[in-house]
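Participant: Before I ask anything, here is the structure I am working with.
The values are calculated or read from the model by the stated rules, or taken from the named source; none is laboratory data. Everything numeric here is computed off the predicted structure, so don't read it as measured data. Cβ coordinates were reconstructed from backbone atoms using ideal geometry, including for glycine residues, and neighbour counts include every protein chain displayed.
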Amino acid sequence: MPFTRFDPRWGGIAITLGTAIPPAAVLGFADLRITAILLAATAVALLGLIGDMTPLPVLARLTVQSVAAGGVVLCGVQITLTGQWPDGPVTVMWIVGVANCFSLLNSTDRLLPAVATITAVFLAGTALILEEPAVAVLLATMACASLGLLGVRTPMGGSGSLFVGFVLTCSAVLLIAGRGQDTIAAGLVLPALVAIADTGFAFAGTGQITDRLHRGGLATQVVVGTYGAAAAAAGLLCLIVAMGLLAPLTAAAAGTALVAVGAFLCRPRRVVPAGRPAPGQTSRLIYAGAVLQQARDPRRWDGEDLY
């Protein structure tokens with residue numbers, strides 16, 4: 001179902017302020033890592049807000065996002081695979097890439113708020129287990145802000161979707177910093193598994209998984225529920241790993257297999273409607289770019305022509 005009632009800019013502003021102000025009021029600026037995440041995410045949200053009003057070149061968007069991610073890395077939020085300088089660039093690329101994967105989920109009404117709420121709740125629980133209360137506070141406020149948007153069906157726009165993706169990705173990176181490589185792999189993949197899988201199918205030329213579900217005749221509420229269940233399963237696996245009840249790589253493999261099987265079962269069985277490019281009729285990058293444009297500017301959707 002397309003967004004038709006609200007200007008997406010207000011949703012992005014609301015979730016940015018609703019997530020940033022409470023942690024700043026409660027925690028102050030004592031934790032440099034949380035401060036860096038909030039400042040960088042706000043800068044990225046401002047970029048998205050500008051993009052909601054006027055098109056921005058891809059290079060400009062990626063440059064600003066990379067600079068913001070680099071600032072977070074310099075403040076100690078870093079993937080520690082080798083303990084050497086390559087960890088910095090790897091972290092920047094991961095944050096920027098996964099944040100944009102989350103942003104693509106904004107292509108369906110209420111989908112990103114639902115996934116963000118569930119992912120933030122489980123990550124907050126994981127943060128408490130790992131004795132990172134400041135991260136838990138940040139994620140809890142994001143869960144509440146996302147839930148608020150879910151209730152009023154206000155679209156996030158480019159600003160809100162980028163802000164959510166940036167905060168969730170940086171928080172996951174913060175929680176796995178300094179841990180074993182298997183824990184790092186699971187801690188990075190599981191919270192972002194749904195977003196990564198959805199984007200992967202888009203770039204593979206088969207359409208986002210949301211497209212498959214819609215073409216299969218499922219209502220928007222069912223699509224949102226399906227994604228929410230997948231996000232909850234991945235979040236639960238992440239929580240179980242933090243509790244030490246399951247090996248990290250086993251959990252990551254189980255989550256990946258679950259999403260892969262679900263995506264296979266959701267393959268379209270109906271003819272693609274007129275106006276929607278079939279997988280073999282357009283290049284993968286052009287199709288993915290079209291999906292990204294829809295996610296950035298919901299006001300351009302024409303509704304019935306999509307599904």
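Participant: Any residue at all in the range 106-113 that's of a type in the set (Ser, Thr, Tyr), surrounded by fewer than 21 Cβ atoms within 10 Å (Cβ to Cβ) and not in a helix (DSSP H, G or I)?
Facilitator: no
Participant: Let me ask you something else. Output the number of residues of the range 211-259 satisfying the condition of being modelled with pLDDT under 85, among the aliphatic types (A, V, I, L, M) and surrounded by fewer than 18 Cβ atoms within 10 Å (Cβ to Cβ).
Facilitator: Within the range 211-259, residues that are modelled with pLDDT under 85, among the aliphatic types (A, V, I, L, M) and surrounded by fewer than 18 Cβ atoms within 10 Å (Cβ to Cβ) number 4.
Participant: Every residue in the range 32-72 that is part of a loop (DSSP other than H, G, I, E, B) and at pLDDT 90 or above, please.
Facilitator: Pro57
Participant: Can you say whether Val44 is crowded, with 21+ Cβ neighbours inside 10 Å and in contact with a Phe, Trp or Tyr (Cβ under 6 Å, 6 or more places away or on another chain), as far as the supplied structure shows?
Facilitator: In short, yes.
Participant: Separate question: Is it the case that Ala136 is free of Cβ contacts under 8 Å to residues at least 24 places away in the same chain, under 26 Å from Ile21 (Cβ atoms) and either in a helix (DSSP H, G or I) or not β-branched (Val, Ile, Thr) (or both)? Please lay out each step first, then the result.
Facilitator: Working: free of Cβ contacts under 8 Å to residues at least 24 places away in the same chain: yes; under 26 Å from Ile21 (Cβ atoms): yes; either in a helix (DSSP H, G or I) or not β-branched (Val, Ile, Thr) (or both): yes.
Taking the combined requirement at face value, the residue satisfies it.
Participant: For the range 177-189, what are the residues that are surrounded by 24 or more Cβ atoms within 10 Å (Cβ to Cβ) and closer than 25 Å to Ala20 by Cβ?
Facilitator: Listed by number, the list holds a single entry, Gly187.
Participant: Of the residues Leu162, Leu147, which is touching a helix residue (DSSP H, G or I) at 6+ places or on another chain (Cβ under 9 Å), surrounded by fewer than 23 Cβ atoms within 10 Å (Cβ to Cβ) and farther than 16 Å from Glu132 by Cα?
Facilitator: Numbers: Leu162 fails: surrounded by fewer than 23 Cβ atoms within 10 Å (Cβ to Cβ).
Answer to the selection: Leu147.
Rundown of residues vs (1) farther than 11 Å from Gly157 by Cα; (2) free of Cβ contacts under 8 Å to residues at least 24 places away in the same chain; (3) surrounded by fewer than 16 Cβ atoms within 10 Å (Cβ to Cβ), yes/no style:
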{"position": "Thr16", "(1), (2), (3)": "yes, no, no"}
{"position": "Thr19", "(1), (2), (3)": "yes, no, no"}
{"position": "Ala25", "(1), (2), (3)": "yes, yes, yes"}
{"position": "Ala36", "(1), (2), (3)": "yes, no, no"}
{"position": "Ser66", "(1), (2), (3)": "yes, no, yes"}
{"position": "Gly70", "(1), (2), (3)": "yes, yes, no"}
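Participant: Just checking, how many residues over the range 43-58 are farther than 13 Å from Cys170 by Cα and touching a residue at least 12 places away in the same chain (Cβ under 8 Å)?
Facilitator: The qualifying residues number 9.
Participant: Restricting attention to the range 73-89, which residues are farther than 10 Å from Val173 by Cβ and assigned to a helix (DSSP H, G or I)?
Facilitator: Leu74, Asp87, Gly88, Pro89
Participant: For Ile196, which of the numbered conditions (1) part of a helix (DSSP H, G or I); (2) within 15 Å of the chain's Cα centre (by Cα); (3) farther than 15 Å from Gly235 by Cα fails to hold?
Facilitator: The single condition Ile196 does not satisfy is (3).
Participant: Taking the options Val67, Val44, name whichever one is of a type outside the set (Gly, Ala, Ser) and in contact with a Gly (Cβ under 9 Å, 6 or more places away or on another chain).
Facilitator: Val44
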